[in-house]
Amino acid sequence: MKKFVIFLVFLFSLSSGFILNAQDLRSKSPDGAKVYFIEPTDGQSISGELTVKFGLTGMGVAPAGVNVENTGHHHLLIDLPGDILPELTQPLPANDHIKHFGKGQTQTTIKLEPGQHSLQLLLGNFLHIPHDKPVLSEKIIVQVK
């Protein structure tokens with residue numbers, strides 16, 4: 001669905017005589033919007049699989065591809081290399097460090113290797129692009145036994 005929406009935007013930009021870039025496709029976030037972890041908590045030790053519950057205030061959740069004002073969908077950032085955030089003006093890639101929840105999911109269960117792991121949430125718009133004023137959680141650390 002995401003590729004289809006991007007393809008339609010591309011066709012529109014060609015037919016209208018101008019090219020849109022990802023910066024033009026960012027959605028504004030309302031003041032006070034906040035994404036956070038309901039579960040786990042910072043510093044929590046776990047064994048086995050980890051249930052992660054996403055919290056959101058000041059905005060709603062909508063699946064990728066659905067363009068509704070003041071909504072987005074969750075992306076879970078896991079152990080970002082060098083603690084460097086992805087480019088916040090471009091569509092977020094999907095990889096081992098950036099998990100997409102484009103169906104509008106508000107929780108997941110993940111399995112992490114033993115050790116310390118960092119987790120952070122980032123809301124993306126209908127095209128997986130972070131909002132203009134990114135809605136980004138505090139980073140938490142969990143310890144897997």
Item to check | Total residues in segment 97-116, condition within 19 Å of residue 40 (Cβ to Cβ) and assigned to a loop (DSSP other than H, G, I, E, B) | outcome: 8
Checklist entry - Here are some conditions: (1) surrounded by 14 or more Cβ atoms within 10 Å (Cβ to Cβ); (2) modelled with pLDDT of 95 or more. Residue 53 meets all but one. Which one does it not meet? => result (1)
Next on the checklist: Take residue 82 and tell me if it is under 19 Å from residue 28 (Cα atoms) and either part of a helix (DSSP H, G or I) or without any contact (Cβ under 8 Å) to a residue 60 or more places away in the chain (or both).
Outcome noted: no
Item to check | Residue in segment 117-141 that is surrounded by the fewest Cβ atoms within 10 Å (Cβ to Cβ), counting only those that are farther than 12 Å from residue 41 by Cα and among the small types (Gly, Ala, Ser) | outcome: 137
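The values are calculated or read from the model by the stated rules, or taken from the named source; none is laboratory data. Since the model is a prediction, treat every value here as computed from it, not as a measurement. Backbone-built Cβ (ideal geometry, glycine too); neighbour counts: all protein chains shown.
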